[in-house]
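The structure appears right after this line, and notes come after that.
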Amino acid sequence: MSAPAPVIRRLRAEDRAQWGKLWDGYNAFYERVGPSAIAPEITDTTFARFLDPAEPMFALVAEDGDRLVGLAHGIFHRNTTLQGMICYLQDLFAAPDQRGRGIGRALIEATYAEAKEAGSARVYWQTQAGNTTARQLYDRVAKHYGFIVYRKDL
């Protein structure tokens, strides 16, 4: 018999410590550690924004009992091809020891629901080309349009 699926819910203030561990794991996955680590004040600001109803951002977590095992962060913004807002799924992460349980899919589906409830017509995200395991899931729950992302830090 498999373990029950985690509960997907909105982030709460009391989740700070457990969210922080997941956030650290997510950033380590993308090699944002050591000299390239995200500054603590940025992490603090990000967490505060998730709790501020005036911010066009949200955070969802996957909760298994008393443990957070995954996170998803979304940002609503305008665009030039639709009249309404769209949702950028900026961060998605499941604890490494919890992978294969459907947490990523559940967080994506919950993000879809969150975006639809907010009136958004689209959810999109990006990942590294070599993130093959995640891309197998993404290919099942969304369509890849072939775009390549360019970036210049200022």
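Data for the structure
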{"item": "Qualifying positions in the range 12-26 - within 15 Å of the chain's Cα centre (by Cα) and open to solvent by less than 50 Å² (accessible area, probe 1.4 Å)", "result": "19, 20, 22, 23, 25, 26"}
{"item": "Residue match in the range 45-64 (condition: within 19 Å of residue 149 (Cβ to Cβ) and touching a residue at least 60 places away in the same chain (Cβ under 8 Å))", "result": "no"}
{"item": "Residue that is touching a helix residue (DSSP H, G or I) at 6+ places or on another chain (Cβ under 8 Å) and either of a type in the set (Phe, Trp, Tyr) or open to solvent by 80 Å² or more (accessible area, probe 1.4 Å) (or both), where the choices are 50, 29, 58", "result": "58"}
{"item": "When residues of the range 36-47 are limited to those that are of a type in the set (Gly, Ala, Ser) and part of a loop (DSSP other than H, G, I, E, B), the one surrounded by the most Cβ atoms within 10 Å (Cβ to Cβ)", "result": "37"}
{"item": "Among residues of the range 114-134, those that are open to solvent by 60 Å² or more (accessible area, probe 1.4 Å) and either within 22 Å of residue 64 (Cβ to Cβ) or among the basic types (Lys, Arg) (or both), counted", "result": "3"}
{"item": "Matching option when the condition is open to solvent by 100 Å² or more (accessible area, probe 1.4 Å) and out of contact with any Cys (no Cβ under 7 Å at 6 or more places or on another chain), among 137, 107, 154, 89", "result": "154"}
{"item": "Residue list for the range 53-93, filter: among the aromatic types (Phe, Trp, Tyr) and more than 12 Å from residue 123 (Cα to Cα)", "result": "58, 93"}
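The values are calculated or read from the model by the stated rules, or taken from the named source; none is laboratory data. What you are looking at is a predicted structure, and each value in this text was computed from that prediction instead of being measured. Glycine also receives a Cβ, built like all others from the backbone with ideal geometry; neighbour counts cover every protein chain displayed. We work out accessible area using only protein heavy atoms, side chains counted, and drop any ligands, DNA or RNA first. Shrake-Rupley method; radii C 1.70, N 1.55, O 1.52, S 1.80 Å.
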